[in-house]
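Below you'll find the structure, written out as structure tokens, and then a few comments.
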Amino acid sequence: MPITAVYPEPVLRRVEVTAPRAAVQVAARPADIKIATEHVSISYGDKVAVRDVSLTVQDRSILALIGPSGSGKSTFLRCFNRMNDLIPGASVKGEVCLDGENVMEADVSVVELRRRVGMVFQRPNPFPMSIYENVAYGPRRRGLNDRRKLNDLVETSLKRAALWDEVKDDLRRKSGLALSGGQQQRLCIARVLATDPEVILMDEPASALDPVSTLRIEELMRELREAYTIVIVTHNMQQAARVSDVTAFFTMADDRAGYLVEVGPTGQIFTRPSEQLTEDYISGRFG
Amino acid sequence: MASLTSAYPTSKLRAKPGLLERLDLPRRVVFVAAASMIIVVAMLMIFIVWQGTQLFVKDGYSLGAIFDAKWDPLADTPEFGILPFILGTIVVTAGALLISTPLSVGVALFLSEVAPKWAKSIVQPALEIFVGIPSVVWGWLGITVLVPFLADTFNGPIVISLPIVGTIFSMPGFLTGFSWLAGSLVLSIMVLPTITSVSYDAFRAVPQELRTGSLALGTTRWQMIRHILIPSALSGVLTAVVLGMTRAAGEALAVQMVIGNSPTLPEAITQPMTTLTSQITLDMGNTVFGEPWQDALWTMSLVLLVISITSVVLVRVINKRRMGS
Amino acid sequence: MTANAGSIGRSSGAKPSLKGKASRGSILADRAATVVLWGTGALVLLILGSIILHFAMAAWGVVSLSFILDNPSQTTLGGIMPVLWNSIYMLALTMLIAVPVGLLGGIYMAEYAGDNIVTGAIRFAEESISSVPSIVVGLFGLILFVDDFHWGFTALAGALALTFFNLPLMTRLSEQALRAVPQDERSASLALGATKWQTIRHVVVPLAIPGLITGVILTAGRVFGEAAVLLFTAGIGTPPHYNFMNLDITNPTSPWSPFRPATTLSVYIYKLNSEGLGAFKNQIVDGSAAILISMVLIFNLGARFVGRVLSRKLTAS
């Protein structure tokens, strides 16, 4: 019996540093669509949390989900890598397609899915082990045990998460828990990068951090956009405006179910939204 | 019109506390109730240490004569080597832990990671009932069910004809089923709830974020359990095993009923043997206060006391280390 | 910084399907582990189920009203009334001492105990008694009450030894029940000018009652089945025919007196097994064990039921 998968060369998506994209096409060509959701509704027991959301995410772009608390942004985010499976009583209807393949189907391997769709959480959650082991954790679980390849992979991932210079001297001695909050979050990003995902989900990744750390994470996200598709949930509208290419605004209906009000290029959503609700929220009139 | 406050006697903010308040009787009473445990433990230790050392002090036996394999209280010059009992307790306990630890940790993992609500609501009460079953009942089950089963099965022609296994079970002494194996099996079930519930608590104490963190990286649940959960909860599981060990080493009646009570050094799991607790239970009623034989039994209880206090300290050390890291 | 980082390679090209078999090994291991863990849970139920079934069958035809209400007999099956009586009597006597002391001790630990040496010593004592083998606690009772106090084997000596043994449990369960009362309730009472003791008495203890009662019942279950503590304190002799009309509790022949030997049901099982030779020995022990198991079930279910009902009542009102 093969122990685990054949893990290809230690690989990370190549980053080509290009000029910032001037304008983002929302109506992407079908080939550029990384994720598409069709009529996604999520409920816990008989309470509907998210109702009928359909949107697309372009490859190598950043989509920001904004909206008031309880509008179901995080819940919606979690259906991209099926983390909702872990919540008893949660059920998801509709389709979530990754590269045209519906991830909600019963015979989809969630393990495979989560390797391709990584996630960074609101509170940094490094494992209680060394920095090195934290980053090597995912690759090791996929059967990569070659020492030299692992070393390369850890170094590359930490560099890409802009943490390498701060931790390179005590990679193996220092526990991931001994880092500062901002460093911990970058470690968690490195940990995700090491599993070589195509999509990275970020659930309010900077909400537990100080302003300086927040800026570093945002900077990092803009760099990562060159190679990864990123979906971020944020409470912070300035953050959404600063980092994202496309913004989707969620709010709550009368029955407290979250729904999508509108989605469009970030510049447009923040300057001339087509819905009154969006404008009220953006201008701070509610939420 | 009378003001509302006139219903109360006048009071001053800076009034001196009355005698009753200064005495604070309730505080003193509840303190005495809690501190009574210190008195009980202190007295217990003093009495057991006093009685347990009489064999050396009064009867003049040397430490070397006690830690010896020869136990013959009825000889002309009685010999009180308690080594067979100490070793017996050690091996029976070790056997029980060897069987019980994997099973208990499995049940704890099942309850904390795998079981849906309905299954949990059946298995958890079942474990509580396990705790409540008295040790004489376990012993009686051992005698009427386990011991005959062992004797019939492992003395049967099929088992005897097997290589290795057959050799072990055809060793002398395993005709009746009363054995080290029987003792360890009974104990393993008796300590199962202890090890399970303490390790369960240890697993529950691992933050949920670590689980989701691992699963979100695309690991399977088992990989998460093996590489995150068990390492994180290791000191808690260790505490559980120490507590299970304490309970197994101190259990008296159930073990005495199935172990065969032969004061010899343990050699094979199929042989009858004895433990500290079994021998004390058996002999205490046959001896007279003050005679060397009974003093030897007190020495054995002193050994039991030392084992249990050591384990209390051990658990504390383990927990302190966990808090430290 | 990204320029020097991204030079290793690229994994694009043929993407593995989400339904791919890339991680078959680890998924198989995961499945196997899940099956094994379910198996351990099922094993627990299987063992308990077979124990209950075993005793239900063994007790069939043995346990009857006359088995419970008759005196033991040399020639017939007889009954276990005296030892059952002694079990109940010892339970009542023990709880009479252990519940107040344990509750008050729990109040100290939950409400007053500071982080100091005395509290540390109490905790250490609590853990120590919990881990001392019951037989050693029984031996302690033997020296203290039976020999030094010259009481001989008496119900009172047994009850005190049982109290020693169960005090840590009772104290800890009380402490837990009291600690479970939200801090807000205490603050609200103190803010109204109540003293600390008034707050404990009128707010904290009443709110903790469901937990306290559960604790009492669980302790009672353990006291009822305990035998090793009693072997050398309350005695192991065959009880005489009791005359329940004799209410003089100072008279050692009265079944109501604490100054008499009191062989309980658990001790009786042990005694019959080690020295009993009668023709009905096995039936009597099976029947007695069945009664002990039933009591365990009743105590456990009772604790659950009472706790649930009381907490519902308290939260509803």
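Descriptive notes on the structure:
- Residues in the stretch A:111-124 that are facing chain B (nearest Cβ under 8 Å) and over 12 Å from the mean Cα position of the chain (by Cα): A:Val111, A:Glu112, A:Leu113, A:Arg115, A:Arg123.
- Pairs meeting the criteria (first residue in the stretch C:35-51 and within 7 Å of another protein chain (Cβ to nearest Cβ) and at negative phi, second residue in a helix (DSSP H, G or I) and open to solvent by 60 Å² or more (accessible area, probe 1.4 Å), beta carbons under 8 Å, at least 6 apart or on different chains) are C:Leu45/B:Ile122.
- Within the stretch C:53-69, being more than 9 Å from chain B (Cβ to nearest Cβ) and either open to solvent by 40 Å² or more (accessible area, probe 1.4 Å) or not in a helix (DSSP H, G or I) (or both) holds for C:Leu53, C:Ala56, C:Met57, C:Trp60, C:Gly61, C:Val62, C:Val63, C:Ser64, C:Leu65, C:Ser66, C:Ile68, C:Leu69.
- Among the residues here, A:Thr4 does not qualify as out of contact with any Gly (no Cβ under 6 Å at 6 or more places or on another chain) and either at pLDDT below 90 or polar (S, T, N, Q) (or both).
- Residues that are among the small types (Gly, Ala, Ser) and open to solvent by 30 Å² or more (accessible area, probe 1.4 Å) do occur in the stretch C:84-98.
- The listed residue being surrounded by fewer than 18 Cβ atoms within 10 Å (Cβ to Cβ), within 14 Å of chain B (Cβ to nearest Cβ) and over 17 Å from the mean Cα position of the chain (by Cα), out of A:Asn145, A:Asn134, A:Asn151: A:Asn145
- A single member of B:Thr264, B:Thr270, B:Thr277 is part of a helix (DSSP H, G or I) and of a type outside the set (Lys, Arg), and it is B:Thr277.
- Meets criteria (crowded, with 21+ Cβ neighbours inside 10 Å, farther than 20 Å from C:Gly211 by Cβ and without any contact (Cβ under 8 Å) to a residue 40 or more places away in the chain) for C:Ser128: yes
- For C:Gln283, the conditions (1) away from chain B (no Cβ under 13 Å); (2) farther than 22 Å from B:Met284 by Cβ are fulfilled apart from (1).
- The listed residue being open to solvent by 20 Å² or more (accessible area, probe 1.4 Å), under 22 Å from the mean Cα position of the chain (by Cα) and farther than 18 Å from B:Gly139 by Cα, out of C:Leu247, C:Leu218: C:Leu218
- Test: residue in the stretch B:76-84 that is within 14 Å of chain C (Cβ to nearest Cβ) and either part of a helix (DSSP H, G or I) or at pLDDT 95 or above (or both): no
- Of residues in the stretch C:105-121 being aliphatic (A, V, I, L, M) and farther than 17 Å from C:Arg179 by Cα, the one farthest from the other protein chains (Cβ to nearest Cβ): C:Ile117
- Qualifying residue in the stretch B:221-229 (condition: more than 10 Å from every other protein chain (Cβ to nearest Cβ), under 30 Å from A:Glu112 (Cβ atoms), among the aliphatic types (A, V, I, L, M) and open to solvent by less than 50 Å² (accessible area, probe 1.4 Å)): yes
- Residues that are within 11 Å of chain C (Cβ to nearest Cβ) and either of a type in the set (Val, Ile, Thr) or surrounded by fewer than 22 Cβ atoms within 10 Å (Cβ to Cβ) (or both), drawn from the stretch B:288-297: B:Phe289, B:Gly290, B:Gln294
- Annotation note: Cβ proximity below 6 Å between a residue of the stretch B:99-114 that is more than 11 Å from C:Gly39 (Cβ to Cβ) and a residue that is in a helix (DSSP H, G or I) and of a type in the set (D, E, K, R) (sequence gap 6+ or interchain) occurs for B:Leu111/B:Lys120; B:Ser112/B:Arg204.
- The residues in the stretch B:233-286 that are of a type in the set (Val, Ile, Thr), touching a residue at least 40 places away in the same chain (Cβ under 8 Å), crowded, with 24+ Cβ neighbours inside 10 Å and more than 19 Å from B:Thr194 (Cβ to Cβ) can be counted, and the count is 3.
- The stretch B:24-62, subset at the interface with chain C (Cβ under 7 Å from one of its Cβ atoms) and polar (S, T, N, Q), residue farthest from C:Ile143 (Cα to Cα): B:Ser36
- Residue within the stretch A:187-206 that is without any contact (Cβ under 8 Å) to a residue 40 or more places away in the chain, within 17 Å of the chain's Cα centre (by Cα), over 26 Å from A:Arg140 (Cα atoms) and buried (at least 24 other Cβ atoms within 10 Å of the Cβ) present: yes
The values are calculated or read from the model by the stated rules, or taken from the named source; none is laboratory data. Note that the coordinates shown come from a computational prediction; the quantities given were computed from them, not determined experimentally. Here Cβ is always computed from backbone atoms with ideal geometry, including for glycine, and neighbour counts include all displayed protein chains. We work out accessible area using only protein heavy atoms, side chains counted, and drop any ligands, DNA or RNA first. Shrake-Rupley method; radii C 1.70, N 1.55, O 1.52, S 1.80 Å.
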